[in-house]
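Accompanying notes for the structure given below.
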């Protein structure tokens, strides 16, 4: 299905975006490891998270949908997983696959992991290395790629593992394996990453500690072979999903929207910090805490943005948002430089290359680096008086089956002079099933057509 975004009128409305994907995965996994019933509200019901729900069922948990976004998980306890009868299919979800590899690695069972064509190209070696140290055995394709078969450790070993690169997925995989190992499993981070796993471990009653060391180093320890207690989990709105309507409102003249209940974890809001530095009118309202995570409502009004250089140390807190930041940068006055994003080369697509190609085909000037890009904005500065930028548009963007590339370039089309078309839109459902109708409710001009 191709989608075309045409120049749009002002966007207005009050919306709620889907629940956070990272927390949704973890709520299902920790619920499965608990003794008793966990209640989840606001679960993201996208394809990635539903694949994790299916995996938990295959591993012995009883996972039931009781309403829209409402789910229960009857757990089997740490050490209680059963061997799945069929392969665990994670579709496009690298997060689900890597976290569940950690879970299985700490149990004496064998499971085969499969995914779609995109996921099968993504390297799993960074997870395989520490889990092998803990006693798991992997049989994978060349380069540590899926499909792969994993046999968990009969007696998992607690390890101390310094992360070679900052990665919340690798950290989480090691901690999950450590839950069934005797003693303490330790992960040392060179730079802090998303801490959802540590927060949720505490919520479920695990013995976990986090210490800050010198030069930004973080040390996380979990004590294994303890019992997790079920809890009620409220999933906040995903800041990565909220980024798309937020940037749409900032860059579409006359827009004024409110996005409710967005998670404001400091490890996830680098994009919002950057947009505010660029001059974005983003008002943070009704700040509160839900299920251990900070949450707020965001009021966003169209703004004249200015180019900035994103600090390298901010990259881990906004790694998924570089494509949509590039769209905001295209509207800005001056050049925006984004580096420290080498991780984007091995996401659902090579997101650096895909973003660069999408910008260029729409008439924009962009420089590509090994670890990022620099976008020369088309904004006219204060004299433009909010009349928008001068993005030519008219391009046909190849998404490489990447949901974030697809949504980012549809947002570009709302503020361009000519419509922007993406080649495929189906994969948007992996993280934001309601994206098209939600944007239309705000006033966006979005048209779809079959590829046949």
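In the chain, the longest principal axis of the Cα atoms and the axis of helix 403-414 are about 20 degrees apart. The peptide list 203-213, 110-120, 254-264, 319-329, put in order of mean Cβ contacts within 10 Å with the highest first, becomes 319-329, 254-264, 110-120, 203-213. In the P(r) worked out for the chain, what percent of Cα pairs fall beyond 29 Å? The answer is 45 percent, as a whole percent.
Tilt of helix 351-361 relative to the longest C-alpha principal axis of the chain, in degrees (0 to 90, nearest 10)? With rounding to tens, the tilt is 20 degrees. Rounded to the nearest 500, the helix-only mean residue ellipticity at 222 nm of the chain stands at -8500 deg cm²/dmol, with each DSSP H run of n ≥ 4 adding -39,500 (n - 2.57). Across the stretch 288-332, Cα-Cα pairs more than 16 Å apart make up 59 percent of the total. For the peptides 23-35, 190-202, the ranking by mean Cβ contacts within 10 Å, running from highest to lowest, is 23-35, 190-202.
Pairs of Cα atoms in the stretch 1-96 fall into 10 Å distance bins, from 0 up to the last occupied one, in shares of 15, 41, 25, 11, 7, 1 percent.
Along its principal axes, the stretch 21-223 has C-alpha extents of 46, 38, 30 angstrom, given from the largest down.
How many percent of Cα pairs in the stretch 232-376 exceed 25 Å? Summing the P(r) of the stretch 232-376 above 25 Å gives 26 percent of all pairs.
For the stretch 124-206, the relative contact order comes to 26 percent (Cα pairs under 8 Å, sequence separation of at least 6). Placing pseudo-labels 7 Å out from each Cα toward the beta carbon at residue 209 and residue 117 gives an inter-label distance of 5.0 nm.
Highest average first, the peptides 97-109, 302-314, 436-448, 175-187 ordered by how many other beta carbon atoms sit within 10 Å of their residues are 97-109, 175-187, 302-314, 436-448. Between the stretch 51-104 and the stretch 113-187, the C-alpha centres lie 17 angstrom from each other. Based on Cα contacts under 8 Å between residues 6+ apart, the stretch 72-149 shows a relative contact order of 30 percent.
So if each residue of separation counts as 0.36 nm, and I subtract the Cα-Cα distance between residue 219 and residue 202, what length gain in nm does that give?
Details: separation 17, 0.36 × 17 = 6.12 nm, distance 1.56 nm.
Difference between extended and current length: 4.6 nm.
Quick check: the angle from helix 168-178's long axis to the longest principal axis of the chain, C-alpha only, nearest 10 degrees? Around 10 degrees separate the two axes. On the principal axes of its alpha-carbon atoms, the stretch 256-331 has extents of 35, 29, 17 Å, going from largest to smallest. The distance linking the stretch 271-336 with the stretch 206-226 is 29 Å (Cα centroid to Cα centroid, whole angstrom).
Here the contact order of the chain, divided by its residue count and restricted to Cα pairs under 8 Å and six or more residues apart, works out to 19 percent.
Since every read-out is calculated from the coordinates, none of them should be taken as a lab result. On a predicted model such as this, the values are computed, not experimentally measured, just so you know. Note: ideal-geometry Cβ built from the backbone for every residue, glycine included; neighbour counts use all protein chains shown.
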